[in-house]
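The values are calculated or read from the model by the stated rules, or taken from the named source; none is laboratory data. All figures in this text were calculated on a predicted structure; none of them were measured in a lab. Here the Cβ is made from the backbone with ideal geometry for all residues, glycine too, and neighbour counts use every protein chain on show. Keep in mind that these areas ignore ligands, DNA and RNA; they rest on the heavy atoms of the full protein, side chains included. Shrake-Rupley method; radii C 1.70, N 1.55, O 1.52, S 1.80 Å.
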Amino acid sequence: MDYFFEQRKYALSQMMSSNLDFLPHLHDQIELGYILSGSSSITVDNKEYPLVCDDFFIIFPNQIHSYDNSKDINGYITIFSPDILPEFKEIFSGYVPVTPVLQNNEELKELMKIFYRTMDNPKEFQKGMLLAICSVVFKYMDLQQLNKYNIDTLKVF
């Protein structure tokens, strides 16, 4: 599989997206999103997952991922450095989600809407919102521990 390493300039970026289609890539940041309408599919570490309205997804650092088949898609995308949330350093560096998608979770839906309505607030507020969002994610999402000696986790650039 061909993929590229994406260098990101900013510790936190937020956007509303109407086109998710993106080639396979990885970065050392966390990527999370919420689908407002339409559909797409996300492939994470060679496994494909459908994305539809009210789905939430999270990609951990250094996971190869891509988006494809976007149809009338609108969604929130946030990409941030794990350094913003040192409270979760161990999780972000030692685990990956069993599945990156959480479907129709009302708590996340409300938090994501607040987060995007208030994205011009100070960095402390942004950090607090990310902390709340990740806390809810880890409440509902199954995680698997990375085997530090597993050759499959090695990414060659």
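Which one of I59, C134, P100 has its Cα pushed farthest toward the positive end of the charge dipole of the chain, where Lys and Arg give +1 and Asp and Glu give -1 at the Cβ?
Looking along the dipole axis, the top candidate is C134.
State the extension gain, in nm to one decimal, for the chain segment bounded by E110 and A11, taking 0.36 nm per residue of separation less the distance between their alpha-carbons.
Numbers: separation 99, 0.36 × 99 = 35.64 nm, distance 2.36 nm.
Result: 33.3 nm gained on full extension.
To the nearest 500 deg cm²/dmol, what mean residue ellipticity at 222 nm is calculated for the chain from DSSP H runs of n ≥ 4 alone, each contributing -39,500 (n - 2.57), summed and divided by the residues?
Values: 3 runs with 36 residues, N = 157.
Mean residue ellipticity, 222 nm, calculated: -7000 deg cm²/dmol.
Given +1 on the Cβ of Lys and Arg, -1 on the Cβ of Asp and Glu, and no further charges, what dipole in debye does the chain carry about its Cα centre, rounded to the nearest 20? It would help to have the intermediate numbers written out before the result.
Values: 13 positive and 21 negative charges, 65 e Å.
So the dipole magnitude of the chain works out to roughly 320 debye.
Kindly work out what percent of the DSSP beta bridges joining two residues of the stretch 22-136 are antiparallel, to the nearest 5.
Working: 27 of 27 bridges.
Percentage antiparallel, nearest 5: 100.
Of the heavy-atom accessible surface of the chain (probe 1.4 angstrom), what whole percent is carbon and sulfur?
Working: 4540 of 8830 Å².
Taking all protein chains in place, the chain shows 51 percent carbon and sulfur surface.
Which of the pairs K89/K139; K9/K139; K47/K139; K9/K127; K9/K123; K89/K113 have their Cα atoms more than 21 Å apart in this structure? Each step should come with its number before you reach the end.
Details: K89/K139 16 Å; K9/K139 30 Å; K47/K139 23 Å; K9/K127 18 Å; K9/K123 16 Å; K89/K113 25 Å.
Check vs 21 Å cut-off fails for K9/K139; K47/K139; K89/K113.
L143 to M119: extension gain in nm, 0.36 nm per residue of separation minus the Cα-Cα distance? Write out the running numbers ahead of the final one.
Details: separation 24, 0.36 × 24 = 8.64 nm, distance 2.82 nm.
Roughly 5.8 nm would be gained on extension.
Order Y10, Y3 by their accessible area, 1.4 angstrom probe, all chains in place, largest first. Please list the in-between numbers first.
Values: Y10 150, Y3 70 Å².
Highest to lowest solvent-accessible surface, that is Y10, Y3.
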